[in-house]
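Okay, structure first, notes after.
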Amino acid sequence: MDFKSSPEPEKLNVAIIGAGIAGLTLAIALENHPLINTTIYEKATELKEIGASIALGPNGLRTLERLGLNDVISDENGYRGTGTAGMVYRHWKTNEVLGTDVHADVKEWLHQTTRFHRGHLHGKLAEHVSRESIKLGKKVVGIEIVEEGVTVTFADGSITEADIAVGADGLRSGVRQALVPGFKLKWSGSVAFRSVFDASLVESIPDLPEDSAHWWGPETNFFSSRLGRNMYTVVGGVTVDPDDPDARFKDVAWDDDGDVELLREDYKNWNPVVKALTEVTPYIRYHPNFSCSGPLDTWVFGDRVTLIGDAAHAHGGAYATGGSLAIDDAYALYLSLISVFPVSAPERPSLKEIRNALELYESTRRPHAEKLLKIVHAGNNAKVEKIQNGKGETDEQLRERAAKGSNTAWLHEHDVVKAFAEAQGVYKGENGEVSDISARL
Ligand SMILES: Cc1cc2nc3c(=O)[nH]c(=O)nc-3n(C[C@H](O)[C@H](O)[C@H](O)COP(=O)(O)OP(=O)(O)OC[C@H]3O[C@@H](n4cnc5c(N)ncnc54)[C@H](O)[C@@H]3O)c2cc1C
């Protein structure tokens, strides 16, 4: 291998594996750096997203705004409803509002929780990345770290070399698998029934809430929301005992075609709004819920490789926060890299500086992600225990739980820049200087 034969030896070559939300966000941030070459390697042969919805909370929205991506988070691309609550919880039978998650400290309209068609969010992000830097049809199957750099091997037999490689390749990360071969994913026993369709189909439904709604029932929930660009989404689902070898849906695969009649059947006794929504839903697709079975021991491999987004900490999508986490991971890694390699740097960072940057990224993000994984696993285990013990929730308990809401301000309003400054040891308190930290680097 000749790492010195790179056409631009003075630049730092960063290989990003995966052109999803994390990979695109990182590329957008790094492309502004005149001394960094970024290349994204994506296994798909075209850039597109599955037809499902995705929410971004104030944390992810703020970060995209910091990157100047106002068109991505605009009201045209995403839907904010009345902008008064992150989530509204309703009763499955009566449709009454039981609780709301109100943001604790979100003043700007653009930072209010926003819901998108995944394709619209992804497509808009992709518009900000230079097309030549995205290599399609490049599925990573191996990664080797040597002193001079990283060698990435693809399923088509080709290889590439880089100074740093970032695994942004999602839930079933090939980079993670190559570096941590024993790592396992875990099925929670839940399968979501998802659909996205034109909002014209719901316009005649009486009493349809303007804000996104989560109806909580004794055994399952139902979610519906308008999305940007006049789309609408519904999400139903079931939870079964994942340890039961005969469990329903045990063998469904990601994004499999589903049976919409099943959705209608499962929700036929719910309140008239939910029932009407299932009747206009034209199709469903199945999405089994997998997460990392536990936290990784490290996010830094051989001084030159790290993971971001679902590759580092897939939590199964609970609290609709995976997209924002991926965005904030990308931004924290960007801040960490420019802290050792500012645009004015006279030379490339040393290997030790690269390692310091990757460790700084890890200490900015890992405690936050692990806190979430712990909460999610505890919640999943409790659900399965309820099924295994055959002990459902009483209506009173359900109402009590919904009234409390999700208590997720720590998650949705997390400030990655403040966390980065804390990890760096330069955070100066609430009125300190963190807001302009990226300008100082
Ligand atoms: C149906 C669905 C609904 C969701 N809803 C929400 C929501 O409402 N709110 C929310 O915050 N989060 C939601 N999530 C989770 C959120 O989308 C993820 O957490 C987020 O997309 C993670 O981004 P990522 O870039 O890490 O991974 P991904 O977006 O999965 O991107 C990974 C990319 O890597 C590519 N890739 C995979 N393997 C390889 C390989 N070996 N070589 C090269 N490329 C590879 C993939 O093709 C893909 O393009 C949802 C996820 C799904 C799928």
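Close Cβ contacts (under 7 Å, 6 or more residues apart or on different chains) running from residues in the range 76-99 that are without any contact (Cβ under 8 Å) to a residue 60 or more places away in the chain and within 13 Å of A402 (Cα to Cα) to residues that are basic (K, R) and buried (at least 16 other Cβ atoms within 10 Å of the Cβ) comprise E96/R90; V97/R90.
Listed by position, the strands (runs of 3 or more DSSP E) enclosed by the range 128-168 that each have at least 1 residues that are over 23 Å from the mean Cα position of the chain (by Cα) are 140-146, 149-154, 159-162.
Per the conditions (1) surrounded by 18 or more Cβ atoms within 10 Å (Cβ to Cβ); (2) outside any helix (DSSP H, G or I), the sole criterion not satisfied by H122 is (2).
Quick one: in the range 191-210, of everything that is in a loop (DSSP other than H, G, I, E, B) and hydrophobic (A, V, I, L, M, F, W, C), which residue is nearest to the ligand (Cβ to nearest atom)? Selected residue: L208. Taking the conditions (1) touching a helix residue (DSSP H, G or I) at 6+ places or on another chain (Cβ under 6 Å); (2) among the β-branched types (V, I, T); (3) not in a loop (DSSP other than H, G, I, E, B) in turn, T233 satisfies each one other than (1). Pairing residues of the range 113-128 that are of a type in the set (F, W, Y) with residues that are assigned to a helix (DSSP H, G or I), at Cβ distances under 9 Å and at least 6 apart in sequence or on separate chains, gives F116/H122; F116/K124; F116/G323.
When the range 315-340 is filtered for residues that are over 15 Å from F420 (Cβ atoms) and hydrophobic (A, V, I, L, M, F, W, C), the ones remaining, listed by number, are A318, A320, A326.
Tally time: how many residues in the range 55-67 are surrounded by 24 or more Cβ atoms within 10 Å (Cβ to Cβ) and outside any helix (DSSP H, G or I)? Qualifying residue count for the region: 3. Restricting attention to the range 29-54, the residues that are among the β-branched types (V, I, T) and surrounded by fewer than 24 Cβ atoms within 10 Å (Cβ to Cβ) total 4.
Just one of (1) assigned to a loop (DSSP other than H, G, I, E, B); (2) closer than 30 Å to L208 by Cα fails for L296. It is (2). Considering the range 304-328, and only residues there that are more than 8 Å from the ligand (Cβ to nearest atom) and charged (D, E, K, R), the residue that is nearest to E10 (Cα to Cα) turns out to be R304. Checked against (1) out of contact with any strand residue (DSSP E or B) (no Cβ under 8 Å at 6 or more places or on another chain); (2) farther than 26 Å from G174 by Cα; (3) buried (at least 24 other Cβ atoms within 10 Å of the Cβ), K275 passes all but condition (3). Quick check: anything in the range 217-233 buried (at least 20 other Cβ atoms within 10 Å of the Cβ), closer than 27 Å to R80 by Cα, away from the ligand (no atom under 12 Å from the Cβ) and among the hydrophobic types (A, V, I, L, M, F, W, C)? Yes, there is a match, as at least one residue in the range 217-233 is buried (at least 20 other Cβ atoms within 10 Å of the Cβ), closer than 27 Å to R80 by Cα, away from the ligand (no atom under 12 Å from the Cβ) and among the hydrophobic types (A, V, I, L, M, F, W, C).
This table checks each residue for (1) at pLDDT 95 or above; (2) more than 9 Å from the ligand (Cβ to nearest atom); (3) polar (S, T, N, Q).
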{"site": "P9", "(1), (2), (3)": "no, yes, no"}
{"site": "I16", "(1), (2), (3)": "yes, yes, no"}
{"site": "A22", "(1), (2), (3)": "yes, no, no"}
{"site": "L30", "(1), (2), (3)": "yes, yes, no"}
{"site": "P34", "(1), (2), (3)": "no, yes, no"}
{"site": "T39", "(1), (2), (3)": "yes, yes, yes"}
{"site": "L61", "(1), (2), (3)": "yes, yes, no"}
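What about T84, is it in a loop (DSSP other than H, G, I, E, B), at pLDDT below 95, among the β-branched types (V, I, T) and away from the ligand (no atom under 11 Å from the Cβ)? In short, yes. State whether the residues of the range 18-32 include one that is in contact with a Lys or Arg (Cβ under 8 Å, 6 or more places away or on another chain) and among the polar types (S, T, N, Q). Taking every residue of the range 18-32 in turn, none turns out to be in contact with a Lys or Arg (Cβ under 8 Å, 6 or more places away or on another chain) and among the polar types (S, T, N, Q).
If you go through the range 250-262 one residue at a time, do you hit one that is assigned to a loop (DSSP other than H, G, I, E, B) and touching a Gly at 6+ places or on another chain (Cβ under 6 Å)? No, there is no match, as no residue in the range 250-262 is assigned to a loop (DSSP other than H, G, I, E, B) and touching a Gly at 6+ places or on another chain (Cβ under 6 Å). Inside the range 149-184, can you point out the residues that are in contact (Cβ under 8 Å) with a residue 60 or more places away in the chain and either more than 13 Å from the ligand (Cβ to nearest atom) or among the charged types (D, E, K, R) (or both)? G149, V150, T151, E161, A162, D163, I164, D169, R176, V180, F183, K184 - these are the residues of the range 149-184 that are in contact (Cβ under 8 Å) with a residue 60 or more places away in the chain and either more than 13 Å from the ligand (Cβ to nearest atom) or among the charged types (D, E, K, R) (or both).
The values are calculated or read from the model by the stated rules, or taken from the named source; none is laboratory data. Predicted model, so just to flag it, every value in this text is computed and none were measured. Every residue, glycine as well, gets a Cβ built from its backbone with ideal geometry; the counts of neighbours run over all protein chains shown.
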